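S.K.: Pasting a structure here, questions to come.
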Amino acid sequence: MSTPVFAIVGHPNKGKSSIVSTLAQDESVAISPVPGTTVGNRRYPMIVDDETLYVLVDTPGFQRARAALEWMQNQPGSSRDRPAIVRRFVELHRDDPRFAAECSLLEPVLDGAGILYVVDGSRPFGEDYEAEMEILRWTGQPSMALINMIGSSDHSEEWSNALGQYFRIVRVFNALTADFDKRVQLLLAFGQLREAWREPLQRAVQLLEEEQGRRRKLAARLIAESLSQMISLTRRRRLTGAADRSTEIRTSLQQEYKQALIALESQCRSDVEQVYSHRHLERHEALVQLLDEDLFATQTWSLFGLTREQLVGTGAVGGAAAGGVVDVVTGGHSLLLGAGIGGLIGAVSAWFTADRVADIRVLGLPLGGKELCVGPMRNINFPYVVLGRALLHHKMVEDRTHACRGPMELAQAPGEFQVADAGSRKRLEKIFVKLRKQETLRPELLDTLADEIGKLM
C-alpha cells in the first residue's frame, strides 16, 4: 500500500499549519497569527510504531493566484490539457520570486498529493478565493475543502455553497477544538478522495485507536502510581530534647510534606502530557488543597528504624538484631558486645517499656529516640479529590490538539469527575485503606488501582 500524502493549501493565515499540527500530532509545526509564517513546503509524517500512516505537507499561502490563473488561461489547449498547463507554469516560474508561493504549494500536488484546501469560516466568502480554487481544480488531483472556524463569527454556510462547486467533499473542522473522534472521522473522509487511499487510511485509523488505548492505559498507570504515593506519603524528623516541643520543626516538616505532595502531582501531570506528546505544555491550576488541619501523627519512638511496637514485638531477638547493627557500624571492634547488649535491651523492653532504651548509649551513641511524623493523609476524601483532579487533567490533555499553543486552564466544574458509581467507590475505598496502612506498595494493588482508574476514563 502506498502512503497517502496530502498538501494543505489555501490563503495565507487561514489555519493551514494548525490543521497540520493537529492531524500530525506534532507541536513542532510553526503557528503564528502573522501571515507568511510558512515560507516553504515541509513534510510532517504521522508515525505509529515506526510505521508512517500518512504524510501532511504544510505549504505557503497563495500570493498571486489571479495573475497565475490568468497566465494559465492564456495558454492554448482544452480542459484535458489543464494539468499539463499547471505543470508548465511551475516549470517556467519556479525561479520567479513573484510566483514563489504558487510554485511551491503546487509542487506536491503535481507529484500526486491530495489537496486539502483550507478557508476561515469565521470570515465572509470573497471572489478573491475563486482563482485559488480554479487553479487547484486545474491540477486534476483529488481534493477536499476544510472550513476552519478560527473566529467567533460563522459564515460556514456561504462557504459551503461556494466550495461545493469546486470540491468533492466539504467539511467544517476546527483545528483547535477537534477531539480524537473528530480527527478520526476526518481521516476516514480523506479515504473517499482516492480509492487507493481508503484501505491505508482505514488501517491508520485502526492503529491510531489502538495507540489511543495504550495511551489511556499508560496514563491510568501513571495516575495510580502518583495517587498511591500521595496517599501513603509520610515525612519524619528525629527529635531530641527541647526540639520535642519546637513549633519551628513542626512547621518545617509540614511544609516539606506539602511540597512533596505538590511535586508528586506535578510530576504526574508532566508524565501524562508526555504520553500524549505534549512536551511543552504550560498549565494554570490551583495547587492541591490539604484536607486535614492537623497533619501530624502522634510522636513515634524508633530504634534504628524500628517502631515501639516492632521493637517490643520482636523481644530479645529484635534487640539482638539491633545490637548487631552496632557491631557493623563499629567495624566489629565491639567483639559482638553490641549483639549481647541488644539482646538484653530487647528482653527488658519486651517486659517494660521501649522508652528506657533511649536512655542507653553504646559507644556514646543513643540507641533510640522520638520522631515527629506527618502523614499519611487521613482524610478519606483526599484520594478522591486528587483522583478527580487527575482525571480532569487527563481528559483535557487527551482532547487537546497540538495546534493549541496557549496555557491549559485547569478549572474543575462542581460535581465534575466525581466517582458516581457506588461499586467503583467501594472498590476504590478498599484500595485506599490498604494504601494508607502499607509502607511498601504491592504491585498487585497498584494494578488493581490502575484498572479502576482506566474504567473511570
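Rundown of residues vs (1) assigned by TED's automatic domain parsing to the domain that holds V48; (2) small (G, A, S), yes/no style:
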site: I147; (1), (2): yes, no
site: S153; (1), (2): yes, yes
site: A175; (1), (2): yes, yes
site: A178; (1), (2): yes, yes
site: K182; (1), (2): yes, no
site: L187; (1), (2): yes, no
site: P200; (1), (2): no, no
site: L218; (1), (2): no, no
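S.K.: When G77 is evaluated against the numbered criteria (1) under 20 Å from I135 (Cβ atoms); (2) modelled with pLDDT of 90 or more, which criterion, by number, is the only one it fails?
M.R.: The failed condition is (2).
S.K.: Now for a separate question. What tally of residues in segment 216-234 results from selecting those that are buried (at least 19 other Cβ atoms within 10 Å of the Cβ) and more than 14 Å from Q274 (Cα to Cα)?
M.R.: Qualifying residue count for the region: 7.
S.K.: Is it the case that some residue within segment 222-238 is farther than 30 Å from K437 by Cβ, under 22 Å from the mean Cα position of the chain (by Cα), at pLDDT 85 or above and among the β-branched types (V, I, T)? Working first, answer last.
M.R.: From segment 222-238, those farther than 30 Å from K437 by Cβ are none; that's our starting set.
No, segment 222-238 contains no residue that is farther than 30 Å from K437 by Cβ, under 22 Å from the mean Cα position of the chain (by Cα), at pLDDT 85 or above and among the β-branched types (V, I, T).
S.K.: Pull up segment 65-89, narrow it to residues that are part of a loop (DSSP other than H, G, I, E, B) and of a type outside the set (G, A, S), then point me to the one that is surrounded by the most Cβ atoms within 10 Å (Cβ to Cβ).
M.R.: The extreme case among them is Q75.
S.K.: Just the residues that are without any contact (Cβ under 8 Å) to a residue 60 or more places away in the chain, part of a helix (DSSP H, G or I) and farther than 15 Å from A65 by Cα, please, taken from segment 90-121.
M.R.: E91, L92, L110
S.K.: Scan D244, D294, D327 and give me the residue that is closer than 29 Å to K430 by Cα and at pLDDT below 55.
M.R.: D294 is the lone residue from the list that is closer than 29 Å to K430 by Cα and at pLDDT below 55.
S.K.: Continuing with the same structure: Is it true that D50 is surrounded by fewer than 22 Cβ atoms within 10 Å (Cβ to Cβ), more than 29 Å from R123 (Cβ to Cβ) and of a type in the set (D, E, K, R)? Before you say what the answer is, go through the steps one by one.
M.R.: On the way: surrounded by fewer than 22 Cβ atoms within 10 Å (Cβ to Cβ): yes; more than 29 Å from R123 (Cβ to Cβ): yes; of a type in the set (D, E, K, R): yes.
Taking the combined requirement at face value, the residue satisfies it.
S.K.: For the structure I just gave you, tell me whether F125 is at pLDDT 95 or above, surrounded by fewer than 23 Cβ atoms within 10 Å (Cβ to Cβ) and in contact with a His (Cβ under 7 Å, 6 or more places away or on another chain).
M.R.: no
S.K.: Okay, next question. Taking V55, is it touching a residue at least 12 places away in the same chain (Cβ under 8 Å), within 30 Å of L201 (Cβ to Cβ) and touching a Pro at 6+ places or on another chain (Cβ under 9 Å)? Before the answer, list the steps.
M.R.: Details: touching a residue at least 12 places away in the same chain (Cβ under 8 Å): yes; within 30 Å of L201 (Cβ to Cβ): yes; touching a Pro at 6+ places or on another chain (Cβ under 9 Å): yes.
Here the answer is yes, as V55 does meet what is asked.
S.K.: Of the residues L146, L201, L218, L187, only one is outside any helix (DSSP H, G or I) and of a type in the set (A, V, I, L, M); which?
M.R.: L146
S.K.: Give the residue that is nearest to A450 (Cα to Cα), with candidates limited to residues of segment 179-230 that are basic (K, R) and without any contact (Cβ under 8 Å) to a residue 40 or more places away in the chain.
M.R.: Looking only at segment 179-230, we keep the residues that are basic (K, R), and these are 182-183, 194, 198, 203, 214-217, 221.
In the following step, the residues that additionally are without any contact (Cβ under 8 Å) to a residue 40 or more places away in the chain were identified as 182, 198, 214.
On the way: K182: 27, R198: 36, R214: 13 Å.
Restricting to residues being basic (K, R) and without any contact (Cβ under 8 Å) to a residue 40 or more places away in the chain, the top hit is R214.
The values are calculated or read from the model by the stated rules, or taken from the named source; none is laboratory data. Here the structure is a predicted model, which means the values were calculated and not measured. Positions of Cβ are backbone-derived with ideal geometry, glycine not excepted, and every protein chain shown enters the neighbour counts.
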